[in-house]
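Comments concern the structure below.
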Protein chains: 4
Amino acid sequence: MFKDGDVSVSARLRDVGAGAWQAATGHPMVKEMAAGTLPHASFRHYFEQNIAYLEDYTRAIAVALSKAPDTGALEVLGGLLDQIISVELPANRRFLERLGGDPARVRGVLTMSPTTYSYTRHLLATAELGDCAAGITALLPCQWIYGEIGTQVAGAEPDDPIYADWVALFGDPEYAKLVGNTTSLLDRLAAPDQENLSRLQVIFDTSTRYEIDFWDMAYEPSTAQSKMTRQ
Amino acid sequence: MFKDGDVSVSARLRDVGAGAWQAATGHPMVKEMAAGTLPHASFRHYFEQNIAYLEDYTRAIAVALSKAPDTGALEVLGGLLDQIISVELPANRRFLERLGGDPARVRGVLTMSPTTYSYTRHLLATAELGDCAAGITALLPCQWIYGEIGTQVAGAEPDDPIYADWVALFGDPEYAKLVGNTTSLLDRLAAPDQENLSRLQVIFDTSTRYEIDFWDMAYEPSTAQSKMTRQ
Amino acid sequence: MFKDGDVSVSARLRDVGAGAWQAATGHPMVKEMAAGTLPHASFRHYFEQNIAYLEDYTRAIAVALSKAPDTGALEVLGGLLDQIISVELPANRRFLERLGGDPARVRGVLTMSPTTYSYTRHLLATAELGDCAAGITALLPCQWIYGEIGTQVAGAEPDDPIYADWVALFGDPEYAKLVGNTTSLLDRLAAPDQENLSRLQVIFDTSTRYEIDFWDMAYEPSTAQSKMTRQ
Amino acid sequence: MFKDGDVSVSARLRDVGAGAWQAATGHPMVKEMAAGTLPHASFRHYFEQNIAYLEDYTRAIAVALSKAPDTGALEVLGGLLDQIISVELPANRRFLERLGGDPARVRGVLTMSPTTYSYTRHLLATAELGDCAAGITALLPCQWIYGEIGTQVAGAEPDDPIYADWVALFGDPEYAKLVGNTTSLLDRLAAPDQENLSRLQVIFDTSTRYEIDFWDMAYEPSTAQSKMTRQ
């Protein structure tokens, strides 16, 4: 598919999966967030689902970390794990509170929508059954898409302070640096033979499509009713 | 919820989840299979998805078996694993061939529908992160629902020999015995306190609902196009 | 180390690790078993440890099977798992009973010697953290060494019927066929690059040395006192 | 064994395993470290093994974290993981350099002694096959024993600055606080029924005995030759 050996594994994965990638990074919800026009109810629902998502995202990072082949890989994945636990989860909880929600009512799989559940099962099962590179590949689209969105929205100055603060969080250049650590690690660990690249592409594209599904779900709060415990 | 200590854990799980359970065991597709009126295209699509499903079902049994706490649990789960590999998968491949399909074109996650993928990620992630009882609880609805369907359709004598053979496979009393081994094992391993039962109920109901989704997907072959590798 | 691309991965692993391999296959205890001169107490102690070992060996096979990349790999590992549960464990329990022991007193890690515990932790952790080929590599020396011992002792006709029956079990050509299935699977799955071969060699040699340690422990029943629950 | 329901799970585990516990916390090597009389060669060998140990300790924390049942458990285990990666491993590498060693020559299982290998396989396999409480129980003796040693040696002022710095690191009250977080988490997660306590006791005592073995190995540098790659 690619003949240029100079293209890194991570760049290939993104480029081959460009269709889904653009649908994820250019989702209408993102535009409404940058414009500050998204209804608060949708944003609140987004954080309710995202907190549950990020807790399982942390667990999936941990599984990939348990298979880290060397010191450098331990450090990158340890840094990512700490970023989610110490920075992003607390920030998400504060956003939810400001929007009138209650982080204590987020209770893991019990309050996940079917989309959040499927996405997180994909992350966890891929990290458990695959090697460290497979786990990182599953985790990467989430982190990287937010990095791209951060760059996109960096100029935006929505009037609504909640949206402004959200833009500031992901528009921070420090965030882009963390993305670079993860892509560099994947580029180092992933064997670049065609068979392995095909295998990783399926994992990568699946995560990207789940990102779209996640935006869709958050954008349509009516789906919020269909919790895993529905019956 | 239940006061009667004499009700086994497995019976409670099924009874509390009765709504989804009846929707799964009484699905219109099952009735058409017993009557022999289901179009061959739908039945073929079912087997294409079911073979990929059963291979991951085997992997999830293996994960639960790796946490089997004693000799008896090893033997029951080893028997279930062998049944899928030595009996059900070969039978499914033969059915697919008789319907004009090609088992060699079933290629794991690459040819799974999104429903099959989500369901199998649920099985694998639950078995990986939970204890042996949690894994068995995730695996149980599939096996048990087929046992109930077998009992339901046991009297049916569809003219179409493919449907007749399918009825014979699951109507066999030996199959019911295997279901009994699994429910007895779960009843022995699962702590019957309310907190644990609630946790297991979510797992059990999730699997039951995925069974319904699986029938729905197979019943509507148009969804067959949306493979995991779609883009 | 090797330049000949025609040598299979499994043959390379055994040949590079030839020193430990010969110490394991030519252990004095094996010779006394073939001659029927080993004290019954040593043989009984061997079975007490071996039953606990084989139960965890089964669990480690299951972990490797959960990562089997395709149908063929599922079938080979499923066959090996079934062989241990349905043939070898029952045979080991009967040998133990004939020697005056009680299989019900074998209680997993609670009755393992430190050697049996270390060896089985090696198998389980390797299968959990590595890919399917790494897991198979850890499991292989045990199966293969018994195959070689079976060939060695096949002519032996010890007077003591217990030793004669043991010789018959492992001298059976069917056993050799199962070994061939496992080595062929490893040869197919393991990437033959030098980095991967070095990694697999460490795993393989570690298992081989644990085989020696296991014979040593069984040969010297005095070490039987040091159970994991010693204090 | 215990009738007092007020005794926490962690305190029970330590008290029931008091024999091994005292042998670990009162090991002669610790006394020589506090006195600053331990030969540098022994201390260097200790760090070479401890760095490889801590990298797998981190992996085992990650496995336990992947099974953390709630937000609080994620945070405690995330804090422990970060402490090892961001504080203890860098400190260990600096100590090794000051003693004339080279952290780059520490290469995971390739440079582990058999004791370090067995201990880390125990941690990893226990975390993989057990629940979150079982994993924490395996990890706890290492952290807690160093906390007790820190308290013991806190008054010591060895002349040799390397030993003085080591005393300062573990004598820091912040370290004791981290131990308290882990014991409190275990006390909250572990079911206090006798069956579960017995199961956890075996895990806890096994780790404690491996701590003794680890000190023994480090105290006798002659055993340093027997690397996993010996042959």
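Can you tell me which residue within segment A:97-106, out of those that are more than 11 Å from chain D (Cβ to nearest Cβ) and part of a helix (DSSP H, G or I), is surrounded by the fewest Cβ atoms within 10 Å (Cβ to Cβ)?
Taking segment A:97-106 and keeping what is more than 11 Å from chain D (Cβ to nearest Cβ), we get A:97-102, A:105.
Checking the rest, the ones that are also part of a helix (DSSP H, G or I) come to A:97-98, A:105.
On the way: A:E97: 13, A:R98: 15, A:R105: 11.
The extreme case among them is A:R105.
Six or more apart or on different chains, Cβ under 6 Å: which pairs go from a residue in segment B:6-20 that's away from chain A (no Cβ under 13 Å) to one that's buried (at least 21 other Cβ atoms within 10 Å of the Cβ) and not in a helix (DSSP H, G or I)? Could you list them?
B:V9/B:A190
Condition test on B:Q152, is it under 18 Å from B:W166 (Cβ atoms) and in contact with a Phe, Trp or Tyr (Cβ under 9 Å, 6 or more places away or on another chain)? Don't jump to the end; show me each part of the working.
Details: under 18 Å from B:W166 (Cβ atoms): yes; in contact with a Phe, Trp or Tyr (Cβ under 9 Å, 6 or more places away or on another chain): no.
No; evaluated as a whole, the condition is false for this residue.
Could you identify the single residue in A:G147, A:G171 that is under 21 Å from A:A20 (Cα atoms) and in contact with a helix residue (DSSP H, G or I) (Cβ under 6 Å, 6 or more places away or on another chain)? Write out each step before concluding.
Values: A:G171 fails: under 21 Å from A:A20 (Cα atoms).
Result of the check over A:G147, A:G171: A:G147.
Scan segment C:82-96 and tell me whether some residue there is at the interface with another protein chain (Cβ under 8 Å from one of its Cβ atoms), basic (K, R) and surrounded by 18 or more Cβ atoms within 10 Å (Cβ to Cβ).
Checking segment C:82-96: not a single residue is at the interface with another protein chain (Cβ under 8 Å from one of its Cβ atoms), basic (K, R) and surrounded by 18 or more Cβ atoms within 10 Å (Cβ to Cβ).
Being closer than 26 Å to C:D172 by Cα and either under 17 Å from the mean Cα position of the chain (by Cα) or among the small types (G, A, S) (or both): is that true of C:G36 here?
Yes.
Looking at this structure, is C:G78 more than 12 Å from chain B (Cβ to nearest Cβ), buried (at least 19 other Cβ atoms within 10 Å of the Cβ) and either at pLDDT 95 or above or over 19 Å from the mean Cα position of the chain (by Cα) (or both)? First the steps, then the outcome.
Details: more than 12 Å from chain B (Cβ to nearest Cβ): no; buried (at least 19 other Cβ atoms within 10 Å of the Cβ): yes; either at pLDDT 95 or above or over 19 Å from the mean Cα position of the chain (by Cα) (or both): yes.
Criteria not met by C:G78.
Every residue, every condition in (1) over 25 Å from A:E97 (Cα atoms); (2) in contact (Cβ under 8 Å) with a residue 24 or more places away in the chain; (3) of a type outside the set (D, E); (4) out of contact with any Leu (no Cβ under 7 Å at 6 or more places or on another chain), yes or no:
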residue: A:S113; (1), (2), (3), (4): no, yes, yes, yes
residue: A:E157; (1), (2), (3), (4): no, no, no, yes
residue: A:A164; (1), (2), (3), (4): no, yes, yes, yes
residue: A:A168; (1), (2), (3), (4): no, no, yes, yes
residue: A:L185; (1), (2), (3), (4): yes, yes, yes, yes
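Do any residues in segment D:45-60 that are more than 9 Å from every other protein chain (Cβ to nearest Cβ) and in contact (Cβ under 8 Å) with a residue 12 or more places away in the chain have Cβ atoms under 7 Å from those of residues that are part of a helix (DSSP H, G or I) and small (G, A, S), where the two are at least six apart or on different chains, and which pairs are they?
Correct list of pairs: D:H45/D:A218; D:H45/D:A224; D:Y46/D:A218; D:Q49/D:A218; D:A52/D:G108.
Return yes when D:L129 is crowded, with 17+ Cβ neighbours inside 10 Å and free of Cβ contacts under 8 Å to residues at least 12 places away in the same chain and no when it is not.
Criteria met by D:L129.
How many residues does segment C:50-82 hold that are under 22 Å from B:R105 (Cα atoms) and of a type in the set (V, I, T)?
Going through segment C:50-82 one residue at a time, the tally reaches 2.
Yes or no: segment A:104-118 includes at least one residue that is modelled with pLDDT of 95 or more and touching a Gly at 6+ places or on another chain (Cβ under 6 Å).
No, that holds for no residue.
Exactly one of these conditions fails for A:G26: (1) within 14 Å of another protein chain (Cβ to nearest Cβ); (2) small (G, A, S); (3) loosely packed, with under 15 Cβ neighbours inside 10 Å. Give me its number.
Unmet condition: (1).
What helices (runs of 4 or more DSSP H) lie completely within segment A:107-219 and have 3 or more residues being within 14 Å of chain B (Cβ to nearest Cβ) and at negative phi?
Hits in segment A:107-219: A:114-129, A:132-153, A:194-219.
Quick one: in segment B:45-72, of everything that is over 23 Å from B:R121 (Cα atoms) and of a type outside the set (D, E), which residue is surrounded by the most Cβ atoms within 10 Å (Cβ to Cβ)?
The qualifying residue surrounded by the most Cβ atoms within 10 Å (Cβ to Cβ) is B:T71.
Here are some residues: A:E128, A:E174. Which one is in contact with a Leu (Cβ under 9 Å, 6 or more places away or on another chain) and acidic (D, E)?
A:E128
The values are calculated or read from the model by the stated rules, or taken from the named source; none is laboratory data. As the structure is a prediction and not an experimental result, all values here were calculated from the model. Positions of Cβ are backbone-derived with ideal geometry, glycine not excepted, and every protein chain shown enters the neighbour counts.
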